[in-house]
1. How many angstrom lie between the C-alpha centres of segment 101-126 and segment 134-168?
2. What is the distance in Å between the Cα centroid of segment 233-258 and that of segment 380-404?
3. Compute, for the chain, the length of the dipole vector about the Cα centre, with Cβ point charges of +1 (Lys, Arg) and -1 (Asp, Glu) only. Units Debye, rounded to 20.
4. Estimate the FRET efficiency between Leu407 and Gln301 by the formula 1/(1 + (r/R0)^6), using the beta-carbon distance for r and 45 Å for R0, to the nearest 0.05.
5. How long are the three semi-axes of the equivalent ellipsoid for segment 299-372, computed from the Cα gyration tensor as the root of 5 times each eigenvalue, in whole Å, largest first?
6. Could you compute how fast the chain diffuses translationally, taking Rh as the Kirkwood radius over C-alpha pairs and applying Stokes-Einstein at 4 °C with viscosity 1.567 mPa s? Give it in µm² per second.
7. Using the beta-carbon distance between Lys226 and Lys50 and R0 = 22 Å, what value does 1/(1 + (r/R0)^6) give for FRET efficiency, to the nearest 0.05?
8. Based on the alpha-carbon gyration tensor of segment 1-125 and its eigenvalue square roots a ≥ b ≥ c, which shape applies: rounded if a/c is under 1.5, prolate if not and a/b is larger than b/c, or oblate?
Amino acid sequence: MSKPILVVGGGISGLTTAIEAAEVGYEVVLVEKQPYLGGRVARMNRYFPKLCPPQCGLEINFRRIRNNPRIQYHVLAELESVSGTAGDYRVTLRKNPGFINNRCTACGDCVKVCPAQRSSEYDYGMCSSKAVWLPGDTAMPFRHTIDPVACEGPSCAKCVAACKYDAIDLEMKPQTLSLDVGAIVAACGWEPYDAAKLDNLGFGVHQNVITNVQMERLGSPSGPTKGEFLRPSDSKAVKRVGFVQCAGSRDQNHLPYCSAVCCAASMKQALALRELDPGSQAIIFYIDVRAMARLESFYQQAQADDGISFVKGKVARITEDAATSDLLLEAEDVDSGAKSQTLVDMAVLATGIVPATASTVLPLDLDRDENGFLYPKSNGGGIFAAGGSKRPADVSTCVRDATGAALKAIQAVRS
C-alpha cells in the first residue's frame, strides 16, 4: 500500500489533481486554506471561450469528490511543516476553526440575527456580509462559516441561540494534524496584482475604476449585483466601459511578464456586457492582443461585435469628472499617432496574475523563479507544482497541467 498524495490547494488545479489520482486508486488528502473548495474559479461568471458558467464543471468535480472514499479533504487548513523524502514525508497541518460544524444545514437563521458586518473578500470588497457567511450558492462544503475577526464572539452568541441544529461552537479551537504521505502537489493558485500600486490609473481613488476580477463578480448571478453591471459610485447600469489591458503587466516597474489570460478575459467580459445590454459599448485599450490558438476565433467574435472597439494604445492616466463620476481615459492611439481622450461610465483594469506563493512561503522543497512561480528541484523528489503556482494559465490549461501533476505524484509514491 502506497502512502497518500497530499494536494495543497483546493482550486481547479488541486481538485483535478486529487480526482485524477483518486480515480485510478490512490489515496489523496486535499487541503485548502479557505472555507470552501473551488478557488477563484468558484467566483467567476463564465469560462472562455464557450462562455458557460463555472458551476457546471465545479459541480461535476464536487460530486466526484463526494462519491470517492479515497479523497479526504480539509478546508480552513494550512501546511505548517514537511520533513522526509520522496515516498516518505511527514507533514503537519493546522486546521483553523470555522466555528460551525457539519451539522449546519445552511438554513440561514444565524445570518438573520448576526449583528456584525465584514467586507466580503469573496466579492473582492465590493459589498459587505455578516460575520457568519456562506461562500456561494454552490459552496462545498455547503455550510456557513464565521469570520473570527468580525465576530464578537461568546459575548454576543445570537447565532448560537438561533441555530436549532446545535451547529455553532464559538469556543472551537485550532487543531494540529500529522500525516504520513508519499508525494505532495502544490496547487496554491494565484492572486490579482494590487491595482492600488498603479497610481496613474486611479484604483482606490475613483470609485468607478475596478479590476477584472471585480468585473467578473459583477457579472456573476451570485455576485454583489446579481449579475447586473452596475457601477460602484451610484449603482447606475453602465453603458460605456473602458477596458485597460496590461494594467501593471509587461512593465518592469510592476509585473515584467504577460499574464496570458487578460486579453481573452476582457473580451469575455465585453461580450457579457453586450449580451446583457445590446445598447452598451466596450472599448478595449491594448498593447497587442494575445489570443492564440483556439482563442483566435474568440477574438474574431469580439472584433465582429459592433459594440466592441479595440484601440491600440496604453492608457496613461484616468481622471474623474467630479460632478458625474464619469471617467476620462487618456491614451495614445498608436494606429493614428494621436493622443485620445475617451469618456466612460466605468473603467476595468486588466490586472495580472501573481502566484499566491509570491507572498506566502510554503515549507516545500521547491524552487521559485524571480516572480514567485514554483518549479521542482532539478534533483527530482516527490514534491511538484501545478496550475497557477507554476505560471499564468487559463482554466483548461490548469486542468491539463494538474492531470500531469497527478501522474508525477503517482510515480513518486510507487517508486
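Computed from the coordinates by the stated procedures, all read-outs in this text should not be read as laboratory data. Quick caveat, the model's predicted, so the values are computed rather than measured. Positions of Cβ are backbone-derived with ideal geometry, glycine not excepted, and every protein chain shown enters the neighbour counts.
1. 6
2. 26
3. 980
4. Values: r = 35 Å, r/R0 = 0.77.
So the FRET efficiency works out to roughly 0.85.
5. Numbers: eigenvalues 254, 67, 37 Å².
Those come to 36, 18, 14 Å.
6. Details: Rh = 22.7 Å.
Estimated diffusion coefficient is 57 µm²/s.
7. Working: r = 23 Å, r/R0 = 1.03.
Step by step, r from the Cβ atoms, then E = 0.45.
8. Values: a/c = 1.92, a/b = 1.33, b/c = 1.44.
Oblate, since a/c reaches 1.5 and b/c is not below a/b.
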